[in-house]
Amino acid sequence: MSKPNYENPLITRYASKEMSQVFSPDMKFSTWRKLWIALAEAEKELGLNITDEQIAEMKEHIYDINYDVAQAREKEVRHDVMSHVYAYGIQCPKAKGIIHLGATSAYVGDNTDVIQMKEGLIIIKHKLADLLSRLAKFADEYKDLPTLGFTHFQPAQLTTVGKRATLWMQDFYFDYLDVCELIDGLMMLGVKGTTGTQASFMDLFEGDTDKVKALDRMVCEKMGFGKPIPVSGQTYTRKVDYKVLSVLAGIAESAHKMTNDIRLLQHLKEVEEPFEKNQIGSSAMAYKRNPMRSERIASLSRYVESNTMSAAMTASTQWFERTLDDSANRRLILPESFMAIDAILEIATNVCSGLVVYKEVIKSHIMAEIPFMATENIIMESVKKGGDRQELHERIRQLSMEASRQVKEFGKPNDLLQRIAGDPMFGLSGEDVLRLTNPSDYIGRSPQQVTEFIDEYIGPVLEANKDYLGHEVVLNV
């Protein structure tokens, strides 16, 4: 089967059908028609000569959009909104004269953008909650399992596998709060006219300011929004787009950070993302198990983050009450950022549902480093047996340097503990030294921090979204 034309991989490979449908032509243009109906209803309720019959006719044709008529008309007039006004009027001859009455193109364009973004954010909210539920389960399961902490990607004090996952979880929790705030705070453009002054509506209502204000509010309420944006030019300020894309970029940042950690852990053979039975890691190296899902998340995340700069540039270069150099840009960055984040959350949920933990590898890495971490406890135990702290400190420094040299120069195991146990200055047996290197004694409050965070912060999120948890993730590739 021939495929001669470009296909957007966000649609064919990555995003869910659910998110794709939010930004589909059917959703866009049926929303335009709903907005025209809301405008006509509000204008009628406020006294304009619009009939129930006209509105009923408009409602009959919300979804059977005559795209062929609109497309043919746009080739003639080079105006997408007026082409759809014309096409809608062909289907609604009785209502033809009152469709789009007093409005400008931004009425349907901008209001639809906000409606689509809100719908997309609701999907993202639910998927973030589901991802948090998977991470919470993983973190709770491994909250007691000690593992090497890393600072500068150098071995540091111990943490636990579950505590590290809680760091990822907290980032996504903050993203969840941002998404909720955005959903609650989004405002429609409302009914503002060609330059935001509502002059055309003042003419329609013969200078009645109260009715024009009521029209603005009523249309927003009919479309499910509490209130319109207070003031505007022809369009709402493009800072709204920047704010929305910044929140999406925050999710991308969280996902990128988490998958960076997973990729590094997979290199260490401590934790792996799911690897399917017939999956191929490399076309040349059959033995490889590449973290391809995490790499895909990182790749898509960079794309979302970069779109934020495009939104910032668009907002900063709008002239006066409007200019059209935002249009083509926004047709790309708004839907594609949402679909990329949708894909990121789908893949991240898949990854976090099937993370594989290799406890023995983790333990071996701990035991290679814990002799150095245990030295302070060893000194304290030796002091209890009558040793001199300063002398013991210097002796451990010497033994540590020699043990480190054996590891680095000769590839030998870290034998610091054996050296200490064999040195009479410390007065400790091998059993004494081994007792002082129990990894669980070096993880602080990690298990409690995991439990407290899940109970106090994640629990309420999961309860609020309980109907959306556990959805099946099916990756296209």
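Every number here is computed from the coordinates shown, using simple stated rules; none is lab data. Because the structure is a prediction, the values reported are computed rather than measured. So basically every Cβ, Gly included, is an ideal-geometry build from the backbone, and we count neighbours across all protein chains shown.
Structural remarks
- With the simple model of a label 7 Å out from the Cα in the direction of the Cβ, Gln448 to Tyr67 spans 6.1 nm.
- Backbone phi angles across the stretch 419-427, fed through the Karplus curve with coefficients 6.51, -1.76 and 1.60 (θ = phi - 60°), yield HN-Hα couplings of 5, 5, 5, x, 9, x, 4, 8, x Hz in residue order; Gly and Pro are listed as x.
- A Förster radius of 25 Å combined with the Cβ-Cβ distance from Lys363 to Tyr303 puts the calculated FRET efficiency at roughly 0.05.
- For the chain, with +1 on Lys and Arg beta carbons and -1 on Asp and Glu, the positive-most of Leu334, Thr308, Ser382 along the dipole: Ser382
- A crude spin-label estimate for the pair Ala56 and His393, with each label 7 Å from Cα along the Cβ direction, gives 9.3 nm.
- For the chain, the relative contact order is 20 percent, taking Cα pairs closer than 8 Å that sit 6 or more residues apart in sequence and dividing their mean separation by the residue count.
- When you count the other C-beta atoms within 10 angstrom of each residue and take the mean per peptide, 360-370, 239-249 line up highest first as 239-249, 360-370.
- Computed across the stretch 29-96, the Kirkwood radius stands at 12.2 Å (inverse of mean 1/r, all Cα pairs).
- Sequence-distant lysines (8 or more away, or on other chains) whose Cα lies within less than 26 Å of Lys163: Lys125, Lys127, Lys137, Lys143, Lys257, Lys269, Lys359, Lys363, Lys466
- Length available on full extension from Glu206 to Ala315: 0.36 nm per residue minus the Cα-Cα distance, which gives 35.8 nm.
- Here the Karplus relation 6.51 cos²θ - 1.76 cosθ + 1.60, evaluated at θ = phi - 60°, turns the backbone of the stretch 184-199 into coupling constants of 5, x, 5, 10, 6, 4, x, 10, 10, x, 5, 10, x, 8, 6, 4 Hz, with x for every Gly and Pro.
- Two-site label geometry, Thr151 and Lys75: point separation in nm, points 7 Å out along Cα→Cβ: 6.8 nm
- Measuring r between the beta carbons of Met425 and Glu253 and using R0 = 56 Å, the FRET efficiency lands at 0.65.
- Residue among Gln198, Tyr173, Leu265 farthest towards the positive dipole end of the chain, charges placed on Cβ: Leu265
- Fewest-first ordering of Thr160, Thr31, Thr209 by other beta carbons within 10 Å of each residue's beta carbon gives Thr209, Thr31, Thr160.
- Listed by chain and number, the aspartates and glutamates whose alpha-carbon sits under 13 Å from that of Lys385, ignoring those within fewer than 8 places in the same chain, are Asp432.
- Computed [θ] at 222 nm, helices only, for the chain once each DSSP H run of length n ≥ 4 contributes -39500 (n - 2.57): -20500 deg cm²/dmol
- With a cut-off of 13 Å between beta carbons, the residues surrounding Asp455 carry a summed charge of -3, where Lys and Arg count +1 and Asp and Glu -1.
- In the stretch 17-98, lysine pairs with alpha-carbon atoms under 19 angstrom apart (chain gap of 8 or more, or interchain): 11
- Radius 15 Å from Cβ of His471, net charge of other residues (Lys, Arg +1; Asp, Glu -1): 0
- For Thr147, the residues 5 or more places off, or on other chains, whose built amide H falls under 5 Å of its own are Thr159, Thr160, Val161.
- Stretching Thr323 away from Gln170 to a fully extended chain increases their span by 51.1 nm, per 0.36 nm per residue minus the current alpha-carbon distance.
- Note on the chain: with charges restricted to the Cβ of Lys and Arg (+1) and Asp and Glu (-1), its dipole about the Cα centre is near 1040 debye.
- Spin-label proximity, Cys180 to the stretch 117-135 - amide N less than 13 Å from point 7 Å beyond Cα toward beta carbon: 125-126, 128-130
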